[in-house]
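A.B. asks: Dropping a structure here in structure tokens format, bear with me for questions.
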Amino acid sequence: LSKCIKLDTDCAQICSLTASLLARGSEHGEHLMKECADVCNACADECEKHVDMEHCKKCAEACRACAEECSAMA
């Protein structure tokens, strides 16, 4: 699960940074949305390999939802 944990951390950090930049109206927030979607999708892909574990299933669902929103806004 080490790859999964690393992707979870990457995902959380890119989401936090992107949301923070967008919230304060930074000109750099918008171009991060594509990267955020890419990382969220990668995280969801990995977590879906472990859906027998409830926390991985929930993580995959949240990551897919975030990726969809970022893609729609990008």
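The values are calculated or read from the model by the stated rules, or taken from the named source; none is laboratory data. Since the model is a prediction, treat every value here as computed from it, not as a measurement. Using ideal geometry, Cβ is built from the backbone for each residue, glycine included, and neighbour counts are taken over all protein chains shown. Ligands, DNA and RNA are excluded from the accessible area calculation, which covers all protein heavy atoms including side chains. Shrake-Rupley method; radii C 1.70, N 1.55, O 1.52, S 1.80 Å.
A.B. asks: Starting from 0 in steps of 5 Å, tell me what percent of the Cα-Cα pairs of the chain lands in each bin.
C.D. replies: Going from the shortest bin to the longest, the percentages are 3, 20, 28, 22, 13, 8, 4, 1, 0.
A.B. asks: Tell me the carbon and sulfur percent of the accessible area for the stretch 12-73, rounded to whole percent, probe radius 1.4 Å.
C.D. replies: 54
A.B. asks: Taking a probe of 1.4 Å, how large is the accessible area per residue of the stretch 18-74, in Å²?
C.D. replies: Solvent-accessible surface per residue comes out at 61 Å².
A.B. asks: Cα axis of helix 29-47 to longest principal axis of the chain: angle in degrees, 0 to 90, nearest 10?
C.D. replies: Approximately 0 degrees, to the nearest ten.
A.B. asks: So, one more: Treating the beta-carbon of each Lys and Arg as +1 and of each Asp and Glu as -1, no other charges, what is the dipole magnitude of the chain about its Cα centre, to the nearest 20 debye?
C.D. replies: 140
A.B. asks: Another question, if that's okay. So what's the net charge close to Leu7: Lys and Arg +1, Asp and Glu -1, counting the other residues with Cβ under 14 Å from its Cβ?
C.D. replies: Residues near Leu7 contribute -3 overall.
A.B. asks: Another one. Testing the spin-label approximation: label points 7 Å from Cα along Cα→Cβ at Asp10 and Glu30. State their distance in nm.
C.D. replies: Each label point lies 7 Å from its Cα, and together they span 2.6 nm.
A.B. asks: Can you compute the helix-only [θ] at 222 nm over the chain? Use -39500 (n - 2.57) per DSSP H run of at least 4 residues, normalise by all residues, nearest 500 deg cm²/dmol.
C.D. replies: -28500 deg cm²/dmol
A.B. asks: A follow-up question, please. Please give the helix 54-73 orientation as an angle from the longest Cα principal axis of the chain, in degrees from 0 to 90, rounded to the nearest 10.
C.D. replies: Value to nearest ten degrees: 30.
A.B. asks: Additional query: Which angle from 0 to 90°, rounded to the nearest 10, does the C-alpha axis of helix 2-23 make with the longest principal axis of the chain?
C.D. replies: Around 20 degrees separate the two axes.
A.B. asks: For the chain, what relative contact order do you get, as a whole percent, if you take Cα pairs closer than 8 Å and at least 6 residues apart?
C.D. replies: 32
A.B. asks: Extension gain Glu61-Leu17, at 0.36 nm per residue separation less the Cα-Cα distance, in nm?
C.D. replies: 13.8 nm
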